[in-house]
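Any read-out appearing in this document is the output of simple, stated calculations on the displayed coordinates, not a laboratory observation. Since this is a predicted model, take the numbers as computed values, not measurements. For neighbour counting, all protein chains shown are included, and Cβ atoms are generated from backbone atoms with ideal geometry for every residue, glycine included.
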Amino acid sequence: MNAVRAEFLKLSRSLSWVVVLLLPTAMVLSGVANTLASGQAPADGWHTMWLRSVVVHGMAPLPLGIAIIASLVWRPERQGGNWNALLSGPTSALRIAVVKTAVIATAAAAMQLVLLGVLTVFGRFVFGLPGLLPGEYLAISLLIIAASIPVAAVQSGLSILLPSFATPVACALVASGVSVVLLLADVGALIAVLPHALIARTTQLGTGTFADPGTIGFGDVAAILACTVLLTAAAIAGSAALLARREVRG
C-alpha cells in the first residue's frame with residue numbers, strides 16, 4: 001500500500017495533470033472549431049460531437065497522451081540514485097509493474113472524464129444540444145477507460161526498456177498510425193495483438209465509422225474486454241521480466 005501511495009504522490013507532483021487537462025480539452029475544442037467553421041449546428045447532435053472529439057481522440061492523441069504520462073511517471077526513477085534504489089528495494093518487480101500501470105491508467109481514465117465533461121459543456125451551452133450525453137456514450141466511455149489499461153501497461157514497459165523520455169512516445173505514435181491504417185483496412189483481429197488498435201477500435205463503437213457497423217453487439221464488448229485482460233496481463237508480465245533483468249548501476 002505504501003508503494004501505491006508513493007506513486008500517486010509522485011503523480012500528483014508531476015506534469016501529468018497538465019496532459020490530463022489540456023489534451024482532451026484541446027480535442028474537444030478542435031471538434032467545436034470544425035463544427036463552427038462549417039457554419040452549421042451538429043447535424044446529428046451529440047453523435048456528431050462524439051465523432052469529432054472522442055473518435056479522433058482515440059486514433060492517436062489518447063495513446064500519445066498515455067505514452068507521455070508513462071514517460072513522466074518513470075522519469076523520477078531515472079534521476080539520481082532512484083533507479084538503484086528501485087531495483088535494490090524490497091518491492092518486487094511484478095508489484096512495481098502493476099503499481100506503475102495502475103497509476104498511468106488512472107491518469108488515462110481522468111483524461112476520458114475530462115473529455116466527457118468538456119464535451120458536455122460545449123455541446124450543451126455552445127450548440128444548445130438537449131439534455132446530457134446519452135447513456136450509450138457513457139457506457140462506451142467505461143470501455144474506453146478499460147481499453148486504456150493495456151496501452152498504459154505497454155507504454156510503462158517501453159519506458160523501462162528505453163530510458164529516453166521521447167522514444168516511447170514516438171513508439172506510441174508509430175503504433176497508432178499503424179493501427180489506424182489497419183483498422184481502415186478492416187483488420188479487426190488487430191485489437192488482439194496491438195493495444196493501440198484496441199483503444200482506437202473502442203472509441204469507434206456504435207459510430208459507423210471505419211469498419212464499425214454502427215451497432216454495438218455483445219460480441220464486440222466481450223472481445224474488447226477479453227483483449228483488455230489478456231494484453232494487460234501480457235504487458236505487465238513483460239514489464240516485470242524487464243525490471244527483473246535490469247542491473248543496478250554503479
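Odds and ends about this structure:
- Semi-axes of the equivalent ellipsoid for segment 32-145, Cα gyration tensor, largest first, Å: 39, 14, 10
- Sorted into 5 angstrom bins from 0, the C-alpha pair distances of the chain split as 1, 6, 14, 18, 18, 15, 11, 8, 5, 3, 1, 0, 0 percent.
- Virtual paramagnetic centre 7 Å along Cα→Cβ of Ser30, amide N under 19 Å, in segment 99-134: 108-123
- Nearest-0.05 FRET efficiency for Ala189 and Ala43, computed from C-beta distance (R0 35 Å): 0.60
- With Cα atoms as the point set, segment 88-136 shows a radius of gyration and Dmax of 18.3, 57 Å.
- Axis angle, to the nearest 10 degrees, between helix 218-245 and the longest C-alpha principal axis of the chain: 20 degrees.
- Largest-first principal axis extents of the Cα set of segment 104-174 (Å): 48, 22, 19
- The Kirkwood radius of segment 185-227, taken over pairs of alpha-carbon atoms, gives through the Stokes-Einstein law at 25 °C and 0.890 mPa s a diffusion coefficient of 238 µm² s⁻¹.
- Between the helical axis of 16-38 and the longest alpha-carbon principal axis of the chain there is an angle of about 20 degrees.
- Debye equation applied to the C-alpha atoms of segment 108-250, log10 I(q)/I(0) at 0.09, 0.15, 0.19 Å⁻¹: -0.34, -0.83, -1.17
- C-alpha long axis of helix 93-125 to longest principal axis of the chain, angle in °: 20 degrees
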